[in-house]
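Have a look at the structure below, then the notes.
Just so you know, all these numbers are worked out from the coordinates, no wet-lab data involved. Just so it is clear, the model here is predicted, and its values are computed rather than measured. Cβ atoms come from the backbone with ideal geometry, glycine included; neighbour counts cover every protein chain shown.
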Amino acid sequence: MADAIATVTLAFDDRYRRRVRLIDDAGEAFLLDLDDATRMGDGDGLCLDTGGIVHVRAADEEVLDIRCDDPRDTVRMAWHIGNRHLPTQVLDDGTLRIRADHVIAQMLVRLGAEVEAKVASFDPEPGAYDEGAGHSHGDGHDH
């Protein structure tokens, strides 16, 4: 297995790409050149043509953490969020995380959720039809 030679920290919107010039965390430029647009999740690796891996990290961004005392209410909140097709991360403790949106925050509070605005990494669930989510990506990367 190749060694990690660099990391690249990207916001959610910058982690679904096919071809783009990126700057790793040390300031070195490299070209991402894939056959298809690919979702890069936090912890994924980009395999370089020259060997080695660039690790992908989710950047901190403005998010909302959504909690409810009753698990049934959490499911209700997830339904309302999903009905609006919003990318959603489910944290280990069952907290739902979405990108900051004051209109959605107000709606969720009205529905009974506790909503906390914060700055944190955002790595939402891949869509049901995403292929290869959570796996290292293949060739086509020059550093």
Options (i) 118; (ii) 128; (iii) 98 are given for volume of the Cα convex hull per residue in Å³, and the computed one is (i)
Stretched fully, the stretch from Asp73 through Thr50 gains (0.36 nm per residue minus C-alpha distance, one decimal, in nm) 3.3 nm
In degrees rounded to 10, the 0-90 angle between helix 71-83 Cα long axis and the longest Cα principal axis of the chain is 60 degrees
Footprinting proxy, Leu96, Leu111: sorted fewest to most Cβ within 10 Å, the residues are Leu111, Leu96
By the C-alpha gyration tensor axes a ≥ b ≥ c (rounded if a/c is under 1.5, else prolate when a/b exceeds b/c, else oblate), the shape of region 4-58 is rounded
Answer in debye to the nearest 20: the dipole magnitude of the chain about its Cα centre, from +1 Lys/Arg and -1 Asp/Glu charges placed on Cβ, is 600 debye
Distance in nm between Val109 and Leu91 label points, each 7 Å along Cα→Cβ, equals 1.8 nm
Given unit charges at Cβ for Lys, Arg (+) and Asp, Glu (-), the dipole magnitude of region 48-110 about its Cα centre in debye, nearest 20, is 300 debye
Output for region 60-121 (equivalent-ellipsoid semi-axes, sqrt of 5λ from the C-alpha gyration tensor, Å, descending) is 16, 13, 11
Exposure-ranked with fewest Cβ neighbours within 10 Å first, His80, His55 stand as His80, His55
